[in-house]
Amino acid sequence: MRYATTCLLCLITALFCSCSSSSGSKVLSQKGTRITAVRTTAYTHTESDHIQYGARTAVGTPLKYGSVRSAAADWSVYPVGTIFQIEGSPYIYQVDDYGSALVGTNTIDIYQPSKAHMNAWGVRNVNIRVLRWGSKSKSLAIMKDRAKYDHVRKMVQRIQRS
C-alpha cells in the first residue's frame, strides 16, 4: 500500500510539473512552481469562528487530514483546487477553503484536526511547491452567491482584475 501511495504521489508530481509561470518569489522548476517564505498558520474546525461551518470546507466537502490535507487561502492568490506540497513534508495540500482573515495576506492556513495540533503548528514560514494551480473560474463560481460578504467581494474583485 505504501508503495502504491508513493507511486501515486510521484505520478501526480510528474503530471503537474509544467504548471504555471514564475513571478516575484516564484521559481518554475521541473517539480512545479516553488514559492519561498510562504507564511502559514493553522486552523481547526473547533475554533469559535469555524464552529458554525463544522468540519466542512468552503466547497462543502469534509476537511481532509490524511495524505491529502485541506488548506485555506485567499482564492485570488491560490485559487480553489490549488495543490501544493510543503518542502520537507510528505503531505499534499489542496486549497478547498478560505477565511476572512486570509484575504490580502498571502498566508495559507493549514487544517489541523485539533486545537493542540493547531497550536503546535503556530506560524511558520515555509517553502512550497505548487504542483497544480487551481481554477479562478471555479473560485468565482463558488463565491458568486457569497459576494455579500466583504472578504468574498474582495477576492472576487481581485480575480476579475487579474
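The values are calculated or read from the model by the stated rules, or taken from the named source; none is laboratory data. Just so it is clear, the structure is predicted and the values come from calculations on it, not from any experiment. FYI the Cβ positions are ideal-geometry reconstructions off the backbone, even for glycines, and counts take in every protein chain you see. Heavy atoms of the whole protein, side chains included, go into the accessibility calculation; ligands, DNA and RNA do not. Shrake-Rupley method; radii C 1.70, N 1.55, O 1.52, S 1.80 Å.
Just one of (1) under 12 Å from the mean Cα position of the chain (by Cα); (2) open to solvent by 20 Å² or more (accessible area, probe 1.4 Å) trips up Y65, so point out which.
(1)
Those residues that are basic (K, R) and under 19 Å from G32 (Cβ atoms), I need them from the stretch 63-100; list them, please. Steps first, please.
As a first pass, look at the stretch 63-100 and keep what is basic (K, R): 64, 69.
The one that is basic (K, R) and under 19 Å from G32 (Cβ atoms): R69.
Could you check the stretch 99-120 and list, in sequence order, the residues that are in a helix (DSSP H, G or I) and either open to solvent by 60 Å² or more (accessible area, probe 1.4 Å) or more than 15 Å from A73 (Cβ to Cβ) (or both)? Full working, then the answer.
Filtering the stretch 99-120 for residues in a helix (DSSP H, G or I) gives 100-102, 115-120.
Selection gives S100, A101, K115, A116, H117, M118, N119, A120.
Being of a type outside the set (S, T, N, Q), in contact (Cβ under 8 Å) with a residue 60 or more places away in the chain and crowded, with 23+ Cβ neighbours inside 10 Å narrows it down to one of V95, V80, so name that one.
Details: V95 fails: in contact (Cβ under 8 Å) with a residue 60 or more places away in the chain.
Every option except V80 fails the conditions.
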